[in-house]
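Values quoted throughout were computed directly from the atomic coordinates according to the rules given, and no laboratory measurement underlies them. None of these values were measured; they are calculated from a predicted model. Glycine also receives a Cβ, built like all others from the backbone with ideal geometry; neighbour counts cover every protein chain displayed.
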Amino acid sequence: MRAMAVTAPGQPLEALELPDPVRGDGQALLRVRCCGVCRTDLHVADGELELPRLPIVPGHQIVAEVVESAGRFAPGDRVGVPWLGWTCGECRFCRSGRENLCDRARFTGLDLDGGYAELAVADERFCFPIPAAFPDLQAAPLLCAGLIGLRALRLAGEGERLGLYGFGASAHIVLQVARHRGWRVFAFTKAGDSDSQAFARELGAEWAGDALAPGPEELDAAIIFAPAGELVPAALRASAKGATVVCAGIHMSDIPSFPYEILWGERTVRSVANLTRADGEEFLALAPEVPVKTEVTPYPLARANDALDDLRAGRMRGAAVLVVDEREPPAPGRPAG
Ligand SMILES: [Zn+2]
Ligand SMILES: [Zn+2]
C-alpha cells in the first residue's frame, strides 16, 4: 500500500510502499477514504513527542470503509478511527471511566499506524459509525478536532464568555458547539491575523483580536489550542475570578513564570488529554444536531507535507484533510451502515 510516513523526526514525511496491514484479533481491515490532519501529526513529524518506532504512519482522523470486520461491522460500512486506538481496560484509570488516561493506552498514528495510507487496521471497539449527514471530507475533522474539542469545552465548565486561543481546526468546531450551548465566544489569534479573525466572526464569534492582550470583556473560561506557552498567562490575565483555562494540545512550549495574583481568585489552569469512547459517542450524536459545519481544505495523500507545512504556517481556514481514495468522489449522505 501507498503511505506517507515519518522516517526521521524533523524531516518531511516520506512516500513509502508498505506491506498491506494484516488484521489481528478484534480488528477491522479498513480502506482509508480520507484522513484529517491534526496539529498532533505535526508534533509527531517534528519528533516533539516520543516516537515508539520508525517509520510511523501518522493520522488519527480516519474516515474509512470496512473491508473485513471482526464482527461489529459489515463490509462496506463507513467508520471513523480516532486518536484513542486501544486501552488496557484494567488499570485504575480504565476502571474509573477515565480510559483517556490509561497507563498503557495506544494511540492511532503514533503507537499504531494511522490513516496517511491506503489501508489501516483498527480495534473495532474504538471505531465510531459516522453520522450520515456528514460527507467523508467534512466528517474527518470531527474525529479529533471535534471530539477532543468537546471534551475541552466540558472541562472549561460553566459560564457566559468563552475565549478560544488559536483559531484552527478545533476552534472552528468548538465555536459552533459553544454557541449552540449559549456561550458568547471571543476568538484570540496572532496579532494582525485578519483572515482567522474574519473567519471566527463569520462563525459567530462576537469579537476577534490579539491573543496577547485582554479582550473587551473578562472571560469565564478559555481554551488554548495553539502550542504557545505564553498564552497561559495571557489567558489568565484575560479571565475573570473563578475562570478555568484549558490547555487542549498534546504539546506546548514552556509556560513562562507569572505572578500569583493572576491565578488568585480561584482561577484554574488545566490540560485536557485524549478522549474516551463516551466523548466520541456524545460528540458524534451532537454534531448533526448543532449542526456543526466543518470547513476543510483537501490535499491528495502525496501532498501530505504541503498540508503539514500549511498547518504549521497557519495558512488555512478550518481543517486540512488528506484525500486517500480518489477512485470516486465522496458520496454525500451515504448511510453509516
Ligand atoms: Zn488530533
Ligand atoms: Zn488502562
| request: Would you mind working out the magnitude of the charge dipole of the chain relative to its Cα centre, with +1 at each Lys and Arg C-beta and -1 at each Asp and Glu C-beta, to the nearest 20 Debye? | output: 560
| said: Quick check: pseudo-label points 7 Å beyond the Cα along Cα→Cβ at residue 261 and residue 67, how many nm apart are they? | reply: 6.3
| field | Kirkwood Rh and Cα Rg combined as Rg/Rh, segment 53-99 | value | 1.08
| field | Taking only Cα atoms of segment 211-337, radius of gyration then Dmax in Å | value | 18.9, 58
| request: Classify segment 27-159 as rounded, prolate or oblate, taking a ≥ b ≥ c as the square roots of the eigenvalues of its Cα gyration tensor: rounded when a/c is under 1.5, otherwise prolate if a/b is larger than b/c and oblate if not. | output: rounded
| For segment 152-285, what log10 I(q)/I(0) values come out of the Debye formula at q = 0.19 1/Å, with one point per alpha carbon and no solvent? | -1.06
| query | Given R₀ = 51 Å, FRET efficiency for residue 315-residue 90 by Cβ-Cβ distance, to 0.05? | reply | 0.70
| task | Kindly provide the helix-only [θ] at 222 nm of the chain, computed as the sum of -39,500 (n - 2.57) over DSSP H runs of four or more divided by all residues, to the nearest 500 deg cm²/dmol? | result | -5500 deg cm²/dmol
| said: Please compute one quarter of the surface area of the Cα convex hull for segment 175-215 and express it in square nanometres. | reply: 2.6
| field | Kirkwood-based Rg to Rh ratio, segment 108-158, C-alpha trace | value | 1.02
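Quick check: from the Cα gyration tensor, does segment 241-295 come out rounded (a/c under 1.5), prolate or oblate?
It is prolate, given that a/c is not under 1.5 and a/b is the larger ratio.
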| field | Debye-sum result for the chain in log10 I(q)/I(0), which assumes one identical scatterer on each alpha carbon, at q = 0.14 Å⁻¹ | value | -1.09
| task | Might you report the magnitude of the Cβ-based charge dipole of segment 159-281 about its Cα centre, with Lys and Arg at +1 and Asp and Glu at -1, to the nearest 20 debye? | result | 200
| remark: Residue span residue 54 to residue 271: 0.36 nm per residue of separation minus Cα-Cα distance leaves a gain in nm of 75.3 nm
| task | Could you state, as a whole-number percent, how many of the C-alpha pairs of segment 154-203 are farther apart than 17 Å? | result | 27
| field | Highest-first arrangement of 72-84, 145-157, 208-220, where packing means the average Cβ count within 10 Å | value | 145-157, 72-84, 208-220
| Rg(Cα)/(2.2 N^0.38 Å) for segment 202-255, N = residue count | 1.12
| task | Positive end of the charge dipole of segment 257-307 (Lys, Arg +1 and Asp, Glu -1 on Cβ, about the Cα centre): tell me which of 286, 301, 259 has its Cα farthest that way. | result | 301
| query | How do 179, 39 line up, fewest other C-beta atoms within 10 Å first? | reply | 179, 39
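Given the convex hull of the Cα atoms of segment 1-101, what is a quarter of its surface area in nm²?
7.5
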| For segment 88-243, what class follows from the C-alpha gyration tensor (a ≥ b ≥ c being the square roots of its eigenvalues): rounded when a/c is under 1.5, otherwise prolate if a/b is larger than b/c, else oblate? | prolate
| Highest mean first, what order results for 27-35, 187-195 on Cβ atoms within 10 Å? | 27-35, 187-195
| task | Considering the options 243, 322, 7, tell which one lies farthest towards the positive end of the dipole of the chain, charges being +1 on Lys and Arg and -1 on Asp and Glu at the Cβ, about the Cα centre. | result | 243
